[in-house]
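Here is the structure we will look at.
The values are calculated or read from the model by the stated rules, or taken from the named source; none is laboratory data. Quick caveat, the model's predicted, so the values are computed rather than measured. We place every Cβ from the backbone using ideal geometry, glycine too, and count neighbours over all the protein chains shown.
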Amino acid sequence: MKKAGILLLAVFLLFVIGYKSESCKNTLTNHLARLLAGASHTAQPVCKTVSASPFIAHAGGNIDGHLYTNSREAVENALKNGFTFIEIDFLVTRDGHLVAVHDWKNFGRMTGIPTDTALTVEEVKKRLIYNKYHALSGKDIADIMKRHQGMILITDKITDISLLAKELPFRERTLVEVFNRLDYIKCLWYGFTPVYSLPWKSDDLKNIMGLDAPWYTLPGIFLEKSHAQLREYAATLCQQGKEVLLYTAGSPPDVDMESDDFLKQYRGVYFTKIYTDAQRSLSAR
């Protein structure tokens with residue numbers, strides 16, 4: 001099966017590089033996805049009914065009013081408050097390890113030591129975020145997932161799928177956001193569940209409309225009048241029973257996407273879950 005998989009991936013690469021038809025590329029991608037999803041070396045995809053809650057803890061979740069820390073305390077707090085889905089940003093350190101960091105510049109700002117270049121994992125772990133919170137390595141996140149068997153991880157900012165597979169063994173509980181067909185197939189090869197990011201540009205959206213992915217991310221800009229095609233496609237995906245995860249980037253300034261009214265009006269129509277920055281307790285829901 002391994003040799004057959006390598007051959008399929010080689011064909012896929014040749015096809016994507018050499019063929020101009022986006023429709024044919026989508027068809028081949030769908031065929032490869034079905035083959036890999038049924039392969040013995042891959043994990044079972046994440047169950048879509050694993051959590052009825054619409055909320056995903058964004059960048060580890062809100063901790064004491066601080067956002068985007070991706071910290072140990074934020075993740076533990078979100079789990080304590082009943083979150084199942086935790087989104088974490090990842091970067092690769094200078095010495096080749098995963099760390100929960102959105103970008104080096106902001107990490108330097110939050111830790112009070114300016115930096116705009118990659119650090120080692122040891123350097124990252126030595127710093128405190130806002131003088132209080134602890135940064136996470138890939139190993140730390142794996143340990144948390146081992147202790148919290150119900151946790152579902154959603155990754156962002158990571159394209160090194162082989163490194164992800166090496167440091168995060170719980171592939172059946174890991175969703176990986178991807179931005180192209182090749183990473184989509186690589187995720188399936190390694191046993192992860194890929195989440196395809198819907199593009200903002202209409203021309204790019206047309207190119208992936210034939211892709212049959214089960215999970216997608218949707219930008220908040222879909223509500224803008226100029227993005228009617230994206231809005232219509234999101235509605236189609238929901239009608240097809242796909243999981244569509246909404247993040248608020250690009251949302252109109254006069255729309256509160258985390259309000260109860262917004263959720264009642266649009267959840268199930270354009271999206272199924274939403275990344276939240278609010279301090280929430282889902283245990284009581």
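Key figures
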| item | result |
| --- | --- |
| Residues (part of a helix (DSSP H, G or I) and of a type in the set (Val, Ile, Thr)) located in the range 203-222 | 208, 221 |
| Selection from the range 223-245 of residues that are outside any helix (DSSP H, G or I) and surrounded by fewer than 16 Cβ atoms within 10 Å (Cβ to Cβ) | 240, 241 |
| Qualifying residue in the range 247-258 (condition: over 15 Å from the mean Cα position of the chain (by Cα), more than 24 Å from residue 68 (Cα to Cα) and either free of Cβ contacts under 8 Å to residues at least 24 places away in the same chain or in a loop (DSSP other than H, G, I, E, B) (or both)) | no |
| Residue within the range 117-136 that is of a type in the set (Val, Ile, Thr) and closer than 21 Å to residue 197 by Cα present | no |
| Filter result for residue 105 (surrounded by fewer than 21 Cβ atoms within 10 Å (Cβ to Cβ), at pLDDT 85 or above and more than 26 Å from residue 245 (Cα to Cα)) | yes |
| Hits in the range 87-119 (condition: under 23 Å from the mean Cα position of the chain (by Cα) and closer than 15 Å to residue 133 by Cβ) | 88, 89, 99, 100, 101, 102, 106, 107, 110 |
| When residues of the range 191-217 are limited to those that are among the hydroxyl-bearing types (Ser, Thr, Tyr) and either at pLDDT 90 or above or buried (at least 20 other Cβ atoms within 10 Å of the Cβ) (or both), the one nearest to residue 144 (Cα to Cα) | 193 |
| Some residue of the range 176-191 being assigned to a strand (DSSP E or B), among the β-branched types (Val, Ile, Thr) and under 14 Å from the mean Cα position of the chain (by Cα) | yes |
| Qualifying residue in the range 151-159 (condition: at pLDDT 95 or above and under 16 Å from residue 99 (Cβ atoms)) | yes |
| Filter result (surrounded by 13 or more Cβ atoms within 10 Å (Cβ to Cβ), among the hydroxyl-bearing types (Ser, Thr, Tyr) and within 18 Å of residue 97 (Cβ to Cβ)) within the range 113-132 | 115, 120 |
| Residue list for the range 125-141, restricted to those being over 22 Å from the mean Cα position of the chain (by Cα) and not in a strand (DSSP E or B) | 125, 126, 127, 130, 131, 132 |
| Flag if residue 89 is more than 19 Å from residue 282 (Cα to Cα), charged (D, E, K, R), surrounded by 17 or more Cβ atoms within 10 Å (Cβ to Cβ) and at pLDDT 95 or above | yes |
| Output for the range 224-240, where each listed residue is in contact (Cβ under 8 Å) with a residue 24 or more places away in the chain and within 21 Å of the chain's Cα centre (by Cα) | 230, 231, 233, 234, 235, 238 |
| Pair list, Cβ < 7 Å and 6+ apart or interchain, from the range 103-122 residues that are within 17 Å of residue 66 (Cα to Cα) to residues that are among the aromatic types (Phe, Trp, Tyr) | 110/130 |
